[in-house]
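Working notes for the structure below.
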Amino acid sequence: MTREEIQEKDKWDLSTIYPDVSAWEEAFRKAQEQLPIFAAREKTMLNSAEDLYQTIKHLYAFSEEIIRVYTYAHLRYSEDTKNPEAVRMMGQAQNLMKERSETVAFFDTVLLKLQPEQLDAYIKNHSGLQEYEIILRDLYRYQPHILTKQEEQIVSAFHKQMEIASDVYETLTSSDMKFGTITDENGEPVELTDTNYSVYIRSENGSVRKQAFQTLYSAYGQYQNTFAALYAGQLETEKVMAKIRHFNSALEQSLFADYVTPEIYQNIIDSISSHLDVLFRYYRIKKKVLHMDEMHIYDIYLPMFPGFQKKYTYQEAVSEVLAAVQIFGDEYVNILKQGYADRWVDVYPNEGKTGGAFSGGCATTNPFILLNFQGTEDDASTLAHESGHSMHSYFTRHCNPVQYADYTIFVAEVPSTVNELVLAYYRLEHSQNREEKLSILNHLMELYKGTIYKQIMFAEFEKLTHELSEQGEILTAELLCQKYYDLNEKYFGGEIILDPEIALEWARVPHFYYNFYVYKYAIGLTAASHIVKRIRNHEPGALEAYFAFLKTGTKKNPIDSLKIAGVDMTKTDAFDSAIEIFSQILDEFEKLY
């Protein structure tokens, strides 16, 4: 459908941000006017406690208005990327965000000229500064890593160039690469793409799966030296930036903001590596169910129960999600129910709409949800997932002043995954259909396999390749393929036949350009598993602890935020508990099967 053909009730209501485009234009103009006004504060911000207070207060006030301007433009663009007006607004908003970044760059460097004892005195004697104390003191953690104003400007000027490897990778894989033709289940030739590969690798026809696998990686093999050069360039950029900012490694720099150390990162890898026997058991079960004596690497995505496909209307999905989250109590349910009624959600796909799903907004807007709902079970689960993000945003924004009304990526996937798990358990408990229950358990098994084990394998590859780069190794395609193949041998344990093409999979993972991002997926599911287990077991204080976590915002660092919810990521207990839950799911599946 076109955007105009979608009913209003099924579109998000962006008029709660700005009533119309002219109001956005006015807000844009006013926000732009604030840039030179704020820039003038550079020379006076440390003159007194009052000057520092007015500077940081102004920083958050006008920054939030700029973010609001950007949010509206981004949401308008996401609903229809072909809309010329939305394209123009998005471009203007991106430029405004860039101008803001350049304008406020002085704040950190100037602040850190203030001696800690002087900052102590300012905060002690000024009640307004006490509202920003956590932020001000946190900035001092970065003191060894903040450069001079001129150096920061140089680094900022090279921001776009530092993303070249990622941009070229995206262009190459999404626009320039052609993968060739395969023969589908009906004997018809079809062009293989990186998108429809996910369909054919799940085909019930083994010949189709093998063709898709070999054809796809044949194309990646043709460009393997280019991918190796791009990846090596990305690692070189991260290595140089870490050195410039006085970190011991790119890993240390990447983890610093989340209060995670390289030792914690390694502990996560070691913890999951010590439980590979559970993963091997999963593959043995899958081979048994699929009646396979041998399972190739291109067989691992074959669904165990492809025949079960439950269909949903959007209202049925909403009702099921609201019923599932009843475990959190009336307050949570009523807020979410009202959010659906107030049109937080943009429901259906339309021409030009961004694919996938996300939860968006900013501190002064509703937590909007973009869906492309087509009535599948996965679509209902996606609604639960994105609603988890939005409820996290709602509580964070309503329980904190604007300077703390956000959360980091490190904890972002926890509430969304909590909702996914809660919905899965709700379905299990309310289903009378054996095949449906097996399908749900299978979905959970796939979730743990893919989100914990696979992402930690990726995380281990990232750490290994960064270490090789930092040791001066030349990251050739041959070396990268060998290291990646070795890790596959470790994580598939002889249960799966490793076809040689799998050595090229590293070239297909865009997250390797995100600088140690993938382990956060495992963090999200691990923490969510522990939280859901406590709530479902009615442990005293578990629900209250979870709500306290949802309301924390950035008043605490990510590690301490999760501790509020009863999850300590500095230890291995949470990972041991998550793998124990995975093992119990395998038990339940085997018993029912």
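The table below gives the values:
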quantity: Subset of region 73-94 [within 18 Å of ARG29 (Cβ to Cβ) and either crowded, with 19+ Cβ neighbours inside 10 Å or of a type in the set (Gly, Ala, Ser) (or both)]; calculated: ALA73, ARG76, MET89, MET90, GLY91, ALA93
quantity: Qualifying residue in region 475-486 (condition: crowded, with 18+ Cβ neighbours inside 10 Å, in the same structural domain as SER529 (by TED's automatic domain parsing) and assigned to a loop (DSSP other than H, G, I, E, B)); calculated: yes
quantity: Tabulated pairs, region 433-449, first within 19 Å of LEU276 (Cβ to Cβ), second part of a helix (DSSP H, G or I) and of a type outside the set (A, V, I, L, M), C-beta under 7 angstrom, 6+ apart or interchain; calculated: MET445/TYR282; MET445/PHE589; TYR448/PHE582; LYS449/TYR282
quantity: Every residue from region 351-410 that is aromatic (Phe, Trp, Tyr), at pLDDT 95 or above and in a helix (DSSP H, G or I); calculated: TYR394, PHE395, TYR404
quantity: Hits in region 72-105 (condition: of a type in the set (D, E, K, R) and in a helix (DSSP H, G or I)); calculated: ARG76, GLU79, GLU85, ARG88, LYS98, GLU99, ARG100, GLU102
quantity: Of all residues in region 499-513 being surrounded by fewer than 21 Cβ atoms within 10 Å (Cβ to Cβ) and free of Cβ contacts under 8 Å to residues at least 60 places away in the same chain, the one that is nearest to the chain's Cα centre (by Cα); calculated: HIS511
quantity: Count - residues of region 7-65 that are within 26 Å of LYS353 (Cα to Cα), in a helix (DSSP H, G or I) and aliphatic (A, V, I, L, M); calculated: 4
quantity: Residue selected from region 311-362 under the condition without any contact (Cβ under 8 Å) to a residue 12 or more places away in the chain and among the small types (Gly, Ala, Ser), by the criterion surrounded by the most Cβ atoms within 10 Å (Cβ to Cβ); calculated: SER319
quantity: Filtered residues of region 66-121 (kept if among the β-branched types (Val, Ile, Thr) and touching a residue at least 24 places away in the same chain (Cβ under 8 Å)); calculated: ILE66, ILE67, VAL69, THR71, THR81, THR103, VAL104, THR109, VAL110
quantity: So GLN161, is it touching a residue at least 24 places away in the same chain (Cβ under 8 Å), among the polar types (S, T, N, Q) and more than 17 Å from SER48 (Cα to Cα); calculated: no
quantity: Test for ALA424: is it assigned by TED's automatic domain parsing to the domain that holds ALA527, under 25 Å from ILE523 (Cβ atoms) and within 20 Å of the chain's Cα centre (by Cα); calculated: no
quantity: Test: TYR217 is of a type outside the set (D, E, K, R) and not assigned by TED's automatic domain parsing to the domain that holds HIS443; calculated: yes
quantity: Residue match in region 431-454 (condition: of a type in the set (Ser, Thr, Tyr) and over 28 Å from ALA323 (Cα atoms)); calculated: yes
quantity: Within region 45-67, tally of residues that are farther than 15 Å from VAL104 by Cβ and surrounded by fewer than 20 Cβ atoms within 10 Å (Cβ to Cβ); calculated: 6
quantity: Positions within region 1-26 being of a type in the set (A, V, I, L, M, F, W, C) and either surrounded by 17 or more Cβ atoms within 10 Å (Cβ to Cβ) or under 18 Å from GLN118 (Cα atoms) (or both), in sequence order; calculated: ILE6, TRP12, LEU14, ILE17, TRP24
quantity: Some residue of region 542-555 being in the same structural domain as ILE272 (by TED's automatic domain parsing), under 18 Å from the mean Cα position of the chain (by Cα) and surrounded by fewer than 20 Cβ atoms within 10 Å (Cβ to Cβ); calculated: yes
quantity: Whichever residue in region 168-218 is out of contact with any helix residue (DSSP H, G or I) (no Cβ under 9 Å at 6 or more places or on another chain), part of a helix (DSSP H, G or I) and at pLDDT below 95 and, among such residues, is nearest to GLU236 (Cα to Cα); calculated: THR171
quantity: Test result for LYS82, modelled with pLDDT of 90 or more and over 17 Å from GLU42 (Cα atoms); calculated: yes
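The values are calculated or read from the model by the stated rules, or taken from the named source; none is laboratory data. Values in this document were obtained by computation on a predicted structure and should not be read as measured data. So basically every Cβ, Gly included, is an ideal-geometry build from the backbone, and we count neighbours across all protein chains shown.
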